[in-house]
Amino acid sequence: MSVASLVLAPTSDPRVFVAPDGRRLSPPDGWACLPPGDATFTRRVKQAGPSWAVIEKKGRKAFSRGLWAPRETIAAVRSALEAERATEAYAAKRTKDVARREQAQADYVVAFEGEVETFLAFSTEWRELGRALARLVAAHATPVGSGTVARTKRIEIDERAEAAVIAWMRHQTTAYDRMTIARVKGRRREVRRELAELSRAVLDLHRKDVPHGIAACPLCTAVVSLVRGSTPRAELERASVRAP
């Protein structure tokens, strides 16, 4: 068997993998598995010689199940990396990197919240509700590693904001999470599309100065129940119960 850098799929046997051409392979003697989690470590082991990346695909997502490589290679890279990370220069660089990422994340949260509020475009009557909703959506959608649409780079930020609002409303203002949906291809997508249309109709209601009762509005009810003081509750309630 030729030992090379391969991308394999896992099987039920932790030491048997499937190659792209369908072959079932087991790692050579003297190889060990480097668990996922340290991108720098993994990258350097790959650069140091032959390795097998085990990737499990679930739908459109791919998950690393570790990198197999010669045990001596993993040990040598680990030793060099530990020595490098023990230096003051590395610690200083790490501190700067963390600060830069934290600032970038904070800036993104602010920008995303603004995009959400722009998409909502609530009228004067519902402006405070819109601001509270924008904060709730941003807080849910923007955390690093959340896997939400707000973290994707495949679409522009305004599209991310719109998709995040619709996703938030699907879970907070509809019965989606309690629905029993038939396991028929395309049915779940169809249900989500139908609920999205309902959510857009509810949003449109708040883009006009049309007062309505808070108890009758799933969006008002959800926002007021979730803010719990982060936005003046009384102000939101007053905005939500104005008589026609």
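The values are calculated or read from the model by the stated rules, or taken from the named source; none is laboratory data. Note that this is a predicted model, so its numbers are computed, not measured. Positions of Cβ are generated from backbone atoms using ideal geometry, with glycine treated the same way; all protein chains shown enter the neighbour counts.
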Considering each of Glu159, Glu125 in turn, give the residue that is more than 22 Å from the chain's Cα centre (by Cα) and assigned to a helix (DSSP H, G or I).
Glu125
From the list Thr148, Thr180, Thr152, exactly one residue is polar (S, T, N, Q) and either in the same structural domain as Thr42 (by TED's automatic domain parsing) or surrounded by 15 or more Cβ atoms within 10 Å (Cβ to Cβ) (or both). Which is it?
Thr148
Being surrounded by fewer than 17 Cβ atoms within 10 Å (Cβ to Cβ), farther than 22 Å from Asp209 by Cα and aliphatic (A, V, I, L, M) is true for just one of Ala161, Ala104, Ala138, Ala167. Which residue is that?
Ala104
Determine the pairs where a residue that is farther than 11 Å from Ala132 by Cα and assigned by TED's automatic domain parsing to the domain that holds Ala132, located within the stretch 209-224, has a partner that is exposed (fewer than 13 other Cβ atoms within 10 Å of the Cβ) and of a type in the set (A, V, I, L, M, F, W, C) with Cβ atoms under 9 Å apart, the partner being 6 or more residues away or on another chain.
Pro211/Ala243; Gly213/Ala243; Thr221/Ala215
Looking at the stretch 92-110, I want the residues that are over 14 Å from Pro143 (Cβ atoms) and have a partner that is at pLDDT below 95 with Cβ atoms under 8 Å, at least 6 apart or on another chain. Which pairs are those?
none
Does the stretch 22-45 include one or more residues that are touching a residue at least 40 places away in the same chain (Cβ under 8 Å), within 27 Å of Asp97 (Cβ to Cβ), in a helix (DSSP H, G or I) and among the charged types (D, E, K, R)?
no
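So that you can scan it fast, the table gives a plain yes or no per residue for (1) in a helix (DSSP H, G or I); (2) modelled with pLDDT under 90; (3) over 16 Å from Ala121 (Cα atoms); (4) among the polar types (S, T, N, Q):
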| position | (1), (2), (3), (4) |
| --- | --- |
| Ile181 | no, yes, yes, no |
| Arg200 | yes, no, no, no |
| Leu203 | yes, no, no, no |
| Ser225 | yes, yes, yes, yes |
| Thr231 | no, yes, yes, yes |
| Glu235 | yes, yes, yes, no |
Condition broken by Val110, with the remaining ones in (1) over 29 Å from Ala167 (Cα atoms); (2) loosely packed, with under 13 Cβ neighbours inside 10 Å; (3) aliphatic (A, V, I, L, M) satisfied:
(1)
Name the single residue that is modelled with the lowest pLDDT among those in the stretch 5-30 being in contact with a Ser or Thr (Cβ under 9 Å, 6 or more places away or on another chain) and under 12 Å from Ala69 (Cα atoms).
Ser5
